[in-house]
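Written below as C-alpha coordinates is the structure these notes are about.
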Amino acid sequence: MSHFFLYQPKKHIMKITVIGAGNVGATTAQRLAEKELANQVVLVDVVEGLPQGKALDMFESAPVEDFDTRVIGTNSYEETKNSSVIVITAGIARKPGMSRDDLLNTNAGIVKSVTSQVVQHSPNAIIIVVSNPLDVMTYVALKVSGFDRNRVIGMAGVLDTARFRSFIAMELNVSVEDVSAFVLGGHGDSMVPLPRYTNVAGIPLTELMKKEDIDRIVTRTRNGGIEIVNYLKTGSAFYAPSSAAVQMVESIVKDKKRILPCAVYLEGEYGFSKTVVGVPVKLGKNGCEEIIQINLTEEEKSALKKSADDVSENIAKLSL
Ligand code: APR
(Lines give C-alpha, C1' and ligand atoms only; values in the text may rest on other atoms or scores of the structure.)
Protein backbone atom coordinates (compact mmCIF):
# COMPACT_ATOMS: atom_id res chain seq x y z
CA MET A 1 0.00 0.00 0.00
CA SER A 2 2.79 2.35 0.90
CA HIS A 3 4.02 2.63 -2.66
CA PHE A 4 0.80 4.47 -3.59
CA PHE A 5 2.14 7.34 -1.58
CA LEU A 6 5.50 7.41 -3.27
CA TYR A 7 6.37 10.52 -5.19
CA GLN A 8 4.56 10.45 -8.54
CA PRO A 9 6.38 12.55 -11.11
CA LYS A 10 4.14 14.94 -13.01
CA LYS A 11 4.46 15.26 -16.77
CA HIS A 12 5.93 18.73 -16.79
CA ILE A 13 8.58 18.09 -14.20
CA MET A 14 12.00 19.45 -14.88
CA LYS A 15 14.53 16.65 -14.78
CA ILE A 16 18.31 16.76 -14.94
CA THR A 17 20.35 13.59 -15.37
CA VAL A 18 23.93 13.23 -14.19
CA ILE A 19 25.78 10.22 -15.59
CA GLY A 20 28.61 8.91 -13.44
CA ALA A 21 28.12 8.86 -9.68
CA GLY A 22 31.78 9.28 -8.86
CA ASN A 23 33.41 12.37 -7.39
CA VAL A 24 32.42 14.85 -10.10
CA GLY A 25 28.98 13.35 -10.80
CA ALA A 26 27.87 13.03 -7.19
CA THR A 27 29.07 16.53 -6.29
CA THR A 28 27.32 17.92 -9.38
CA ALA A 29 24.07 16.20 -8.35
CA GLN A 30 24.40 17.60 -4.84
CA ARG A 31 24.96 21.15 -6.07
CA LEU A 32 22.05 20.91 -8.54
CA ALA A 33 19.76 19.67 -5.78
CA GLU A 34 20.87 22.24 -3.23
CA LYS A 35 20.25 25.02 -5.75
CA GLU A 36 16.89 23.45 -6.68
CA LEU A 37 17.67 23.73 -10.38
CA ALA A 38 15.25 20.88 -11.17
CA ASN A 39 12.38 18.95 -9.62
CA GLN A 40 14.35 15.75 -10.10
CA VAL A 41 18.02 14.96 -10.35
CA VAL A 42 18.70 11.45 -11.64
CA LEU A 43 22.14 10.02 -10.89
CA VAL A 44 23.21 7.10 -13.11
CA ASP A 45 26.19 4.78 -12.81
CA VAL A 46 27.18 1.29 -13.95
CA VAL A 47 28.18 0.27 -10.44
CA GLU A 48 25.22 -1.32 -8.69
CA GLY A 49 24.15 0.40 -5.50
CA LEU A 50 26.52 3.37 -5.89
CA PRO A 51 24.08 5.88 -7.42
CA GLN A 52 21.21 4.56 -5.29
CA GLY A 53 23.21 4.92 -2.06
CA LYS A 54 24.59 8.37 -2.88
CA ALA A 55 21.22 9.67 -4.10
CA LEU A 56 19.40 8.46 -1.00
CA ASP A 57 22.07 9.88 1.29
CA MET A 58 21.85 13.18 -0.60
CA PHE A 59 18.07 13.35 -0.39
CA GLU A 60 18.26 12.63 3.34
CA SER A 61 20.13 15.93 3.64
CA ALA A 62 17.20 17.76 2.00
CA PRO A 63 15.22 18.43 5.21
CA VAL A 64 18.31 19.99 6.78
CA GLU A 65 19.61 21.79 3.71
CA ASP A 66 16.09 22.82 2.82
CA PHE A 67 15.67 21.72 -0.77
CA ASP A 68 12.83 19.88 -2.50
CA THR A 69 14.65 18.44 -5.48
CA ARG A 70 14.19 14.66 -5.53
CA VAL A 71 17.47 12.87 -6.03
CA ILE A 72 17.13 9.45 -7.61
CA GLY A 73 19.94 6.94 -8.12
CA THR A 74 19.71 4.24 -10.75
CA ASN A 75 21.60 1.87 -13.03
CA SER A 76 18.92 2.14 -15.70
CA TYR A 77 18.37 4.79 -18.36
CA GLU A 78 14.60 4.30 -18.18
CA GLU A 79 14.48 6.71 -15.25
CA THR A 80 16.32 9.41 -17.15
CA LYS A 81 13.42 9.70 -19.62
CA ASN A 82 12.61 13.25 -20.75
CA SER A 83 15.54 14.95 -19.06
CA SER A 84 16.04 18.58 -20.04
CA VAL A 85 19.76 18.56 -19.36
CA ILE A 86 22.22 15.66 -19.18
CA VAL A 87 25.62 16.05 -17.56
CA ILE A 88 28.09 13.35 -18.58
CA THR A 89 30.83 12.72 -16.02
CA ALA A 90 31.26 8.98 -16.57
CA GLY A 91 34.78 7.78 -17.17
CA ILE A 92 38.05 7.25 -15.46
CA ALA A 93 39.91 10.09 -13.78
CA ARG A 94 43.63 10.89 -13.93
CA LYS A 95 46.26 9.60 -11.54
CA PRO A 96 49.69 11.22 -11.02
CA GLY A 97 51.83 10.92 -14.16
CA MET A 98 48.84 10.73 -16.48
CA SER A 99 47.81 13.43 -18.93
CA ARG A 100 44.17 13.97 -19.85
CA ASP A 101 44.99 12.45 -23.24
CA ASP A 102 45.98 9.18 -21.56
CA LEU A 103 42.28 8.73 -20.81
CA LEU A 104 41.37 9.02 -24.50
CA ASN A 105 40.44 5.50 -25.57
CA THR A 106 38.86 4.29 -22.34
CA ASN A 107 36.73 7.38 -21.90
CA ALA A 108 35.79 7.58 -25.59
CA GLY A 109 34.30 4.07 -25.25
CA ILE A 110 32.43 5.06 -22.08
CA VAL A 111 31.14 8.39 -23.44
CA LYS A 112 30.04 6.70 -26.66
CA SER A 113 28.10 4.07 -24.76
CA VAL A 114 26.39 6.43 -22.28
CA THR A 115 25.53 8.99 -24.96
CA SER A 116 23.87 6.46 -27.25
CA GLN A 117 21.79 5.13 -24.35
CA VAL A 118 20.77 8.43 -22.80
CA VAL A 119 19.69 10.17 -26.02
CA GLN A 120 17.20 7.40 -26.76
CA HIS A 121 15.25 8.46 -23.69
CA SER A 122 15.80 12.22 -23.91
CA PRO A 123 15.97 13.19 -27.59
CA ASN A 124 15.41 16.88 -26.82
CA ALA A 125 17.97 17.29 -24.04
CA ILE A 126 20.99 19.53 -23.87
CA ILE A 127 24.18 17.60 -23.09
CA ILE A 128 27.01 18.99 -21.01
CA VAL A 129 30.18 16.93 -21.22
CA VAL A 130 32.65 16.85 -18.32
CA SER A 131 34.59 13.61 -18.97
CA ASN A 132 38.18 14.04 -20.11
CA PRO A 133 39.93 14.65 -22.42
CA LEU A 134 37.13 17.16 -22.52
CA ASP A 135 37.28 18.62 -26.00
CA VAL A 136 37.51 15.20 -27.66
CA MET A 137 34.77 13.73 -25.45
CA THR A 138 32.50 16.63 -26.46
CA TYR A 139 33.14 15.70 -30.08
CA VAL A 140 32.29 12.04 -29.32
CA ALA A 141 29.01 12.99 -27.60
CA LEU A 142 28.10 15.31 -30.49
CA LYS A 143 28.71 12.70 -33.17
CA VAL A 144 27.10 9.80 -31.30
CA SER A 145 24.02 11.80 -30.27
CA GLY A 146 23.41 13.20 -33.73
CA PHE A 147 22.25 16.39 -31.98
CA ASP A 148 22.74 19.85 -33.43
CA ARG A 149 25.92 21.44 -32.15
CA ASN A 150 24.10 23.96 -29.95
CA ARG A 151 22.93 21.07 -27.75
CA VAL A 152 26.28 19.45 -26.97
CA ILE A 153 28.60 21.63 -24.92
CA GLY A 154 31.81 20.82 -23.07
CA MET A 155 32.73 22.13 -19.64
CA ALA A 156 36.32 23.33 -19.49
CA GLY A 157 36.62 27.07 -19.85
CA VAL A 158 34.40 27.85 -16.87
CA LEU A 159 36.62 25.67 -14.67
CA ASP A 160 39.86 27.01 -16.11
CA THR A 161 38.57 30.55 -15.71
CA ALA A 162 37.50 29.85 -12.11
CA ARG A 163 41.00 28.61 -11.35
CA PHE A 164 42.56 31.68 -12.99
CA ARG A 165 40.20 33.96 -11.02
CA SER A 166 40.96 32.16 -7.73
CA PHE A 167 44.72 32.51 -8.22
CA ILE A 168 44.37 36.22 -9.06
CA ALA A 169 42.18 36.81 -5.99
CA MET A 170 44.71 35.00 -3.77
CA GLU A 171 47.63 36.94 -5.25
CA LEU A 172 46.01 40.38 -4.92
CA ASN A 173 44.11 39.55 -1.73
CA VAL A 174 40.81 40.73 -3.20
CA SER A 175 37.34 39.25 -3.45
CA VAL A 176 36.92 36.59 -6.11
CA GLU A 177 33.66 38.35 -6.99
CA ASP A 178 35.58 41.29 -8.40
CA VAL A 179 37.81 39.22 -10.64
CA SER A 180 36.50 38.78 -14.14
CA ALA A 181 38.59 36.72 -16.52
CA PHE A 182 38.70 34.65 -19.66
CA VAL A 183 40.40 31.40 -20.60
CA LEU A 184 40.04 30.07 -24.13
CA GLY A 185 41.24 27.00 -25.99
CA GLY A 186 41.43 23.37 -25.05
CA HIS A 187 41.27 21.93 -21.57
CA GLY A 188 44.89 20.94 -21.52
CA ASP A 189 48.39 22.30 -21.52
CA SER A 190 47.47 24.38 -24.55
CA MET A 191 44.67 26.36 -22.88
CA VAL A 192 44.87 30.09 -23.56
CA PRO A 193 44.29 32.37 -20.54
CA LEU A 194 43.69 35.92 -21.75
CA PRO A 195 45.14 38.46 -19.30
CA ARG A 196 44.13 41.18 -21.77
CA TYR A 197 40.47 40.39 -21.15
CA THR A 198 40.94 40.04 -17.40
CA ASN A 199 40.10 42.75 -14.90
CA VAL A 200 39.57 43.37 -11.22
CA ALA A 201 36.50 45.53 -10.60
CA GLY A 202 36.99 46.90 -14.11
CA ILE A 203 40.70 47.65 -13.65
CA PRO A 204 42.79 45.79 -16.25
CA LEU A 205 44.91 43.06 -14.65
CA THR A 206 47.93 44.40 -16.48
CA GLU A 207 47.71 47.57 -14.32
CA LEU A 208 47.62 45.63 -11.07
CA MET A 209 50.20 42.94 -11.60
CA LYS A 210 53.67 42.74 -13.10
CA LYS A 211 54.05 40.70 -16.29
CA GLU A 212 56.15 38.02 -14.58
CA ASP A 213 53.49 37.57 -11.89
CA ILE A 214 50.75 37.27 -14.52
CA ASP A 215 52.87 34.73 -16.41
CA ARG A 216 53.35 32.70 -13.22
CA ILE A 217 49.60 32.64 -12.61
CA VAL A 218 48.89 31.72 -16.22
CA THR A 219 51.27 28.76 -15.89
CA ARG A 220 49.65 27.71 -12.61
CA THR A 221 46.22 27.88 -14.31
CA ARG A 222 47.43 25.68 -17.17
CA ASN A 223 48.63 23.15 -14.61
CA GLY A 224 45.62 23.63 -12.31
CA GLY A 225 44.29 20.12 -12.86
CA ILE A 226 47.57 18.33 -12.33
CA GLU A 227 48.28 20.35 -9.17
CA ILE A 228 45.18 18.77 -7.61
CA VAL A 229 45.94 15.29 -9.02
CA ASN A 230 49.40 15.43 -7.42
CA TYR A 231 47.87 16.27 -4.04
CA LEU A 232 45.07 13.71 -4.18
CA LYS A 233 47.13 10.92 -5.82
CA THR A 234 44.09 8.65 -6.24
CA GLY A 235 41.90 10.85 -8.42
CA SER A 236 41.37 14.30 -9.84
CA ALA A 237 39.59 17.54 -8.94
CA PHE A 238 35.85 17.55 -8.39
CA TYR A 239 34.68 20.49 -6.27
CA ALA A 240 35.54 23.16 -8.82
CA PRO A 241 34.66 21.01 -11.86
CA SER A 242 31.18 20.31 -10.47
CA SER A 243 30.65 24.00 -9.65
CA ALA A 244 31.59 24.90 -13.20
CA ALA A 245 29.21 22.34 -14.72
CA VAL A 246 26.39 23.57 -12.48
CA GLN A 247 26.96 27.18 -13.51
CA MET A 248 26.44 26.11 -17.12
CA VAL A 249 23.29 24.15 -16.22
CA GLU A 250 21.94 27.15 -14.33
CA SER A 251 22.43 29.49 -17.26
CA ILE A 252 20.55 27.02 -19.48
CA VAL A 253 17.63 26.10 -17.23
CA LYS A 254 17.05 29.70 -16.14
CA ASP A 255 17.68 30.96 -19.68
CA LYS A 256 20.09 33.49 -18.20
CA LYS A 257 22.08 33.92 -21.39
CA ARG A 258 25.38 34.18 -19.58
CA ILE A 259 28.52 34.53 -21.64
CA LEU A 260 30.77 31.68 -20.57
CA PRO A 261 33.78 30.02 -22.16
CA CYS A 262 32.66 26.56 -23.27
CA ALA A 263 33.91 23.85 -25.62
CA VAL A 264 31.79 23.76 -28.76
CA TYR A 265 32.03 22.38 -32.28
CA LEU A 266 33.17 25.08 -34.67
CA GLU A 267 32.08 25.52 -38.24
CA GLY A 268 34.29 28.33 -39.40
CA GLU A 269 34.28 30.52 -36.28
CA TYR A 270 37.76 31.72 -35.31
CA GLY A 271 38.94 30.10 -38.55
CA PHE A 272 38.42 26.52 -37.31
CA SER A 273 36.13 23.81 -38.62
CA LYS A 274 35.16 20.28 -37.65
CA THR A 275 36.84 20.51 -34.28
CA VAL A 276 35.91 21.42 -30.72
CA VAL A 277 37.48 24.53 -29.21
CA GLY A 278 36.86 26.51 -26.02
CA VAL A 279 35.36 29.86 -26.99
CA PRO A 280 32.97 32.39 -25.41
CA VAL A 281 29.36 31.38 -25.95
CA LYS A 282 25.93 32.57 -24.85
CA LEU A 283 24.17 29.87 -22.81
CA GLY A 284 20.39 29.89 -22.66
CA LYS A 285 17.40 27.59 -22.96
CA ASN A 286 18.53 26.43 -26.41
CA GLY A 287 22.01 25.57 -25.18
CA CYS A 288 24.76 27.39 -27.02
CA GLU A 289 22.74 30.21 -28.55
CA GLU A 290 25.63 32.19 -29.96
CA ILE A 291 29.36 31.89 -30.42
CA ILE A 292 30.98 35.19 -29.63
CA GLN A 293 33.97 36.05 -31.72
CA ILE A 294 36.45 38.37 -30.07
CA ASN A 295 39.51 39.93 -31.61
CA LEU A 296 42.73 38.16 -30.77
CA THR A 297 46.34 39.23 -31.13
CA GLU A 298 48.61 37.20 -33.42
CA GLU A 299 50.14 35.55 -30.35
CA GLU A 300 46.74 34.61 -28.93
CA LYS A 301 45.61 33.36 -32.34
CA SER A 302 48.57 31.04 -32.67
CA ALA A 303 48.07 29.76 -29.09
CA LEU A 304 44.43 29.01 -29.93
CA LYS A 305 45.49 27.32 -33.16
CA LYS A 306 47.91 25.06 -31.29
CA SER A 307 45.13 24.16 -28.90
CA ALA A 308 42.68 23.40 -31.74
CA ASP A 309 45.33 21.36 -33.60
CA ASP A 310 45.94 19.22 -30.48
CA VAL A 311 42.22 18.45 -30.28
CA SER A 312 41.97 17.67 -34.01
CA GLU A 313 44.93 15.32 -33.69
CA ASN A 314 43.18 13.39 -30.93
CA ILE A 315 39.88 13.37 -32.81
CA ALA A 316 41.72 11.73 -35.72
CA LYS A 317 42.81 8.90 -33.40
CA LEU A 318 39.20 7.99 -32.58
CA SER A 319 37.35 5.14 -34.19
CA LEU A 320 33.70 6.08 -33.74
N1 APR B 1 28.23 4.36 -17.40
C2 APR B 1 27.99 5.05 -16.27
N3 APR B 1 28.94 5.33 -15.36
C4 APR B 1 30.19 4.90 -15.62
C5 APR B 1 30.52 4.19 -16.79
C6 APR B 1 29.47 3.92 -17.71
N7 APR B 1 29.68 3.25 -18.84
N8 APR B 1 31.83 3.90 -16.76
C9 APR B 1 32.32 4.43 -15.63
N10 APR B 1 31.33 5.03 -14.93
C11 APR B 1 31.39 5.68 -13.63
C12 APR B 1 32.28 4.96 -12.63
O13 APR B 1 31.62 3.80 -12.11
C14 APR B 1 32.51 6.02 -11.59
O15 APR B 1 31.55 5.97 -10.54
O16 APR B 1 31.96 6.97 -13.71
C17 APR B 1 32.35 7.34 -12.38
C18 APR B 1 33.61 8.17 -12.43
O19 APR B 1 33.85 8.62 -11.16
P20 APR B 1 35.33 8.86 -10.54
O21 APR B 1 36.18 7.67 -10.83
O22 APR B 1 35.16 9.34 -9.14
O23 APR B 1 35.91 10.02 -11.47
P24 APR B 1 35.58 11.59 -11.35
O25 APR B 1 36.61 12.23 -10.50
O26 APR B 1 34.16 11.78 -11.04
O27 APR B 1 35.87 12.05 -12.85
C28 APR B 1 35.01 11.67 -13.90
O29 APR B 1 35.29 13.72 -15.10
O30 APR B 1 36.68 15.52 -14.66
C31 APR B 1 36.51 14.34 -15.41
O32 APR B 1 38.78 13.60 -15.80
C33 APR B 1 37.59 13.32 -15.10
O34 APR B 1 37.07 11.86 -16.92
C35 APR B 1 36.94 12.06 -15.53
C36 APR B 1 35.45 12.31 -15.20
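The values are calculated or read from the model by the stated rules, or taken from the named source; none is laboratory data. On a predicted model such as this, the values are computed, not experimentally measured, just so you know. We place every Cβ from the backbone using ideal geometry, glycine too, and count neighbours over all the protein chains shown. When the accessible area is computed, the model is the full protein with side chains, heavy atoms only, and any ligands, DNA or RNA have been set aside. Shrake-Rupley method; radii C 1.70, N 1.55, O 1.52, S 1.80 Å.
Assorted remarks:
- Taking every protein chain into account, the 1.4 Å probe leaves MET155 with about 0 Å² of accessible area, to the nearest ten.
- Partners for LYS317 among lysines (Cα-Cα distance below 24 Å; same-chain residues under 8 apart left out): LYS95, LYS112, LYS143, LYS274, LYS305, LYS306
- Other residues with beta-carbon under 12 Å from the beta-carbon of LEU283 carry, at +1 per Lys or Arg and -1 per Asp or Glu, a net charge of +3.
- Nearest-10 value in Å² for the accessible area of MET137, using the 1.4 Å probe: 0
- Helix runs (DSSP H) in the chain reaching 18 Å along axis by Cα, Kyte-Doolittle at least 0.0: 104-121, 157-172, 239-253
- Potential extension, LYS317-ASP215 segment - 0.36 nm per residue separation minus Cα distance: 33.5 nm
- Rg and Dmax of region 157-316, Cα atoms only, in Å: 15.5, 44
- Averaged over its residues, the chain has an accessible area of 47 Å² per residue, based on protein heavy atoms and a 1.4 Å probe.
- Å³ per residue enclosed by the Cα convex hull of region 197-256: 116
- LYS274 accessible area, 1.4 Å probe, all protein chains in place, Å² to nearest 10: 150
- Extension gain from ASP148 to GLU65, taking 0.36 nm per residue of separation minus the Cα-Cα distance: 26.1 nm
- Only Cα sites of region 36-95 enter the Debye sum here, all with the same form factor; the resulting log10 I(q)/I(0) across q = 0.12, 0.25, 0.28 1/Å is -0.31, -1.11, -1.23, listed in q order.
- For the chain, alpha-carbon Rg and Dmax in angstrom: 19.3, 70
- Portion, in percent, of the accessible area of the chain that falls on carbon or sulfur, probe 1.4 Å: 50
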